[in-house]
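> Pasting a structure here, questions to come.
The values are calculated or read from the model by the stated rules, or taken from the named source; none is laboratory data. Treat the numbers as computed from the prediction; the structure is a model and nothing was measured. Counting neighbours? That spans all protein chains shown, and the Cβs are built from the backbone with ideal geometry, glycine included. In case anyone asks, the SASA skips ligands and DNA or RNA and just uses the protein heavy atoms, side chains included. Shrake-Rupley method; radii C 1.70, N 1.55, O 1.52, S 1.80 Å.
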Amino acid sequence: MLDRDRMPRHVAIIMDGNGRWAKAHNVPRVLGHNAGMKAMKKIVDHSDKLGIEYLTVYAFSTENWKRSVEEVSGIFKLLVKYVQSDLKELIENNVRVNILGDYSAIPDDARASLEKTLRETHDNDGLKFNIAINYGSRDEMRRGISEICQMVKDGEIDPEDVTEEMIGAHLFTGHENIPDPEVIIRTSGEERLSNFLLWQSAYSEFVFVDDLWPDFTPARYEEALAIYQSRDRRFGGR
């Protein structure tokens, strides 16, 4: 049973299984991503109802560019569709959207839609919905370390001044003061992080579920959160 008084502050989700869902239903992969987008909308809505402060979803990794041009194009067209159809609802529900990753590399129409969403939800103070797009944790750390190295080179700090807090502040999550996730959920039965929030997940709980992402319902979401709540988090202590 889910304890509403012990909800995690930040939930991160690796939305995996759209392609396998499409294959199982004998439909094009883009329809799997469309079904996944619908599932994401339900989870965003339910996170807001549960009082979760931060929700981060892994939408498109730096490695996903290796997929076919047709599939990549379809993913970004769906992103534009989602933003256009749901922006009003996001605003009405006081959701603030943030982007993690270098989204300057994505198609112009998708980038323009995202930038409009960022502008129009900027002042909202409800659920912080973080979408990881063209995101890779190793790239994130490389960028942050490069910024710190430049500070050392410019004489602003000494090497011994570098702290864990400083490194965290120079990550994409640090730019938005996003706390580390207490729990990371991955669907589809795979049990790995796939270059997602490597630094931030040092003390996260992992919950792996067999559901393919389009089949991941709010009820299954609550079951995953209940598993998190059953864990004894000691952070290295006894």
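> For the chain, give the magnitude of the charge dipole about the Cα centre (Cβ charges: +1 Lys/Arg, -1 Asp/Glu; no others), in debye to the nearest 20.
Dipole of the chain, to the nearest 20 debye: 920 debye.
> Gap in Å between the Cα centre of the range 36-96 and the Cα centre of the range 140-202?
23
> As a check on your grasp of the helix formula, calculate [θ] at 222 nm for the chain: sum -39500 (n - 2.57) over DSSP H runs of n ≥ 4, divide by the residue count, round to the nearest 500.
Mean residue ellipticity at 222 nm (helix-derived): -14500 deg cm²/dmol.
> Karplus couplings for the range 5-18 from phi (6.51 cos²θ - 1.76 cosθ + 1.60, θ = phi - 60°), rounded to Hz, Gly and Pro as x?
8, 10, 6, x, 6, 9, 10, 10, 10, 9, 7, 10, x, 4
> Taking all protein chains in place and a 1.4 Å probe, what share, in percent, of the accessible surface of the range 57-154 do carbon and sulfur account for?
Summing carbon and sulfur atoms, their accessible area is 49 percent of the total for the range 57-154.
> Measuring with a 1.4 Å probe in the full set of protein chains, what accessible area per residue, in whole Å², belongs to the range 127-238?
Using a 1.4 Å probe on heavy atoms only, each residue of the range 127-238 averages 52 Å².
> Also, I was wondering about something else. For the range 34-168, what is the charge dipole size about the Cα centre, in debye to the nearest 20, if Lys and Arg each add +1 at the Cβ and Asp and Glu each add -1 at the Cβ?
I would put it at about 900 debye.
> With the other protein chains left in place, how much accessible area per residue, in square angstrom, belongs to the range 1-61 at a 1.4 angstrom probe?
Here the residues of the range 1-61 average 48 Å² of exposed surface.
> When we measure straight from the Cα of K88, which lysines land under 17 angstrom away, once same-chain ones fewer than 8 places off are left out?
The qualifying lysines are K38, K41, K42, K116, K128.
> Which is farthest toward the positive dipole end of the chain among N34, M15, L197, measuring Cα position about the Cα centre, with Cβ charges +1 (Lys, Arg) and -1 (Asp, Glu)?
N34
> Moving on. Here are labelled values, [x] 19.7, 73; [y] 19.4, 65; [z] 18.1, 59, and one is the computed Rg and Dmax of the Cα atoms in Å for what I pasted. Which one?
[z]
> In addition: Which of the peptides 138-149, 7-18 is most tightly packed, and how do the rest follow, going by the mean number of other Cβ atoms within 10 Å of each residue?
7-18, 138-149
> Moving on to the next point. What does the net charge come to around R231 if you take all other residues with beta carbon closer than 10 Å to its beta carbon, with K and R at +1 and D and E at -1?
Around R231, the surrounding residues sum to -1.
> Still on this model: If amide hydrogens are placed 1.01 Å from N in the peptide plane, which non-local residues have theirs closer than 5 Å to the one on D16?
Under 5 Å from the amide H of D16 lie the amide H atoms of T187, W213, each far enough along the sequence or on another chain.
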